[in-house]
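Structure, as structure tokens:
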Amino acid sequence: MNILDLREKRYNLYKKIGKNILSIKANVMGEEKRNLYSNYVSYIFYNELKDNFKRPIIEFDSEGLIFIFEIDDKTHLLDLKKTLVDLEENHPLGRLSDLDIISKDLREISRSELGLGMRKCIICDSPAKYCSRSLKHSKEEFDKAFKNKVQKYIFTKDERIRLIEFCLLNELMRNISLGTVNPTTCGSHSDMDIFTFFSSLDFLSKEFLRIKEINYNDFNSLKKLGIEMENKMLNITNGANTHKGMIFHFLLILASILQENSLEESRDRIKYLARFSFDKDFYNPCNKSYMRYNKNKVLGARGEALKAYDFPYNLDLEENNLDKAFLLLCNYSEDTNIINRRGYEFYLSFKKKISSYLLGEITLDYLENFCLKNNISAGGSCDLVSIFIFYKLLRFNYKNFKEVLL
């Protein structure tokens, strides 16, 4: 659908809802508005405002990630508009957002009704409408300014590790599911949806800061913290395992960064720390991980850490190409989520299906239906998508990120 068709679709949705609406999306130039940075801006303002409303509808298309909240009839719309304008003007990412109120008679509540002037351009501070209509700035210039503002935000010391929040969010922002959760489907999962992941990543982005409180050069200390984080996560998600693998991966990565002054040295440190994951617990004959290794030589997450995440680190793709990254990682990784559900032989058949799709021999619909029919979920590969995104940003911001951690 083009932009006009999507807006008509949205108009019909608002009409069907028949209530006052709050729409949250990113203020992005051009026809295709979805990217890592616009996704994050939408999420940040969802997180800022969600406690005041019931669960929203999510739309995810070329207009971007959009949250649609119903506004209670008792809410005074101009008072709410004042709150939204304050966020747009004073939050570090506010000018990158579109926080709109659409009344039940389908009229947008404007700033002028509060006696306020027009919004300013994110590049030159002129009225944004003038810049937009006159095409004063190119899309490349706009996208660069947008990206720079988001990166400045995520590499600023805060109450949480914003870069991890950014990566865990954007791992979800794939069009391709393969049985996993994304903005439009729960995949093969009956115990979780996109909001389960939002709750988990909101918690974990703060909880990872606890690594500074322990001896992060000691694997046993990391393991203890990881178990505590996992138990808290399961409590938040009502038992759904959203990020167990990511807790393991990011604790190793963060510990290595805290100890080393360069990216390459930190990757060597990951390999060193990962060796200690093969402790006496791993070699317990009743341990699933050991049984997998003993039978099929599959190491899963431990194997990725031993290689310092070499494949996602070196994946030569543009950072927004998440679907292609996901498919290549599925084709490469030892995804223990699938092995645990259906066994090793089935996992090999899944990888053959991925290869067939990449070669154009089968359709995406066939591949998606194959995963749903067989109740599998490529969750281990999703973890590596997060790591792919993480290293894409860390390459040029290592020093800044280490300062955020310290």
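The values are calculated or read from the model by the stated rules, or taken from the named source; none is laboratory data. No experiment lies behind these values; they were computed from the predicted model shown. For neighbour counting, all protein chains shown are included, and Cβ atoms are generated from backbone atoms with ideal geometry for every residue, glycine included.
Computed quantities for the displayed model
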quantity: Residue that is nearest to Leu168 (Cα to Cα) [pool: residues in region 350-373 that are touching a helix residue (DSSP H, G or I) at 6+ places or on another chain (Cβ under 9 Å) and touching a residue at least 40 places away in the same chain (Cβ under 8 Å)]; calculated: Cys371
quantity: Test: residue in region 118-129 that is closer than 30 Å to Leu358 by Cα and under 26 Å from the mean Cα position of the chain (by Cα); calculated: no
quantity: Residue list for region 227-243, restricted to those being buried (at least 19 other Cβ atoms within 10 Å of the Cβ) and part of a helix (DSSP H, G or I); calculated: Met229, Met233
quantity: Candidates Ser221, Ser177, Ser199, Ser188, filtered to the one that is assigned by TED's automatic domain parsing to the domain that holds Tyr309, in contact with a helix residue (DSSP H, G or I) (Cβ under 8 Å, 6 or more places away or on another chain) and closer than 28 Å to Asn397 by Cβ; calculated: Ser199
quantity: Counted residues, region 269-295 - those being outside any loop (DSSP other than H, G, I, E, B) and either surrounded by 14 or more Cβ atoms within 10 Å (Cβ to Cβ) or among the aromatic types (Phe, Trp, Tyr) (or both); calculated: 10
quantity: Checklist (1) out of contact with any Lys or Arg (no Cβ under 8 Å at 6 or more places or on another chain); (2) more than 30 Å from Ser38 (Cβ to Cβ); (3) surrounded by 20 or more Cβ atoms within 10 Å (Cβ to Cβ) applied to Leu348, failing item; calculated: (3)
quantity: Conditions (1) under 20 Å from Ile66 (Cα atoms); (2) in the same structural domain as Lys399 (by TED's automatic domain parsing); (3) aliphatic (A, V, I, L, M); number of the one not met by Ile161; calculated: (1)
quantity: Where Leu372 falls short, out of the listed (1) buried (at least 19 other Cβ atoms within 10 Å of the Cβ); (2) in contact with a Gly (Cβ under 7 Å, 6 or more places away or on another chain); (3) of a type in the set (A, V, I, L, M); calculated: (1)
quantity: Selection status of Thr180, within 30 Å of Thr363 (Cβ to Cβ) and surrounded by fewer than 15 Cβ atoms within 10 Å (Cβ to Cβ); calculated: no
quantity: Filtered residue count, region 85-110, keeping only those that are more than 21 Å from Lys33 (Cα to Cα) and out of contact with any Asp or Glu (no Cβ under 9 Å at 6 or more places or on another chain); calculated: 9
quantity: Selected residue [closer than 30 Å to Leu168 by Cα and assigned by TED's automatic domain parsing to the domain that holds Leu36] from Asp72, Asp79, Asp100, Asp143; calculated: Asp100
quantity: Hey, Ser221 at pLDDT 95 or above, polar (S, T, N, Q) and surrounded by fewer than 18 Cβ atoms within 10 Å (Cβ to Cβ) or not; calculated: yes
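For every residue, the table says whether it meets (1) under 21 Å from the mean Cα position of the chain (by Cα); (2) of a type in the set (Val, Ile, Thr); (3) within 28 Å of Val181 (Cα to Cα).
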site: His243; (1), (2), (3): yes, no, yes
site: His249; (1), (2), (3): yes, no, yes
site: Glu260; (1), (2), (3): no, no, no
site: Asp268; (1), (2), (3): no, no, no
site: Asn284; (1), (2), (3): no, no, no
site: Ser289; (1), (2), (3): no, no, yes
site: Tyr313; (1), (2), (3): yes, no, yes
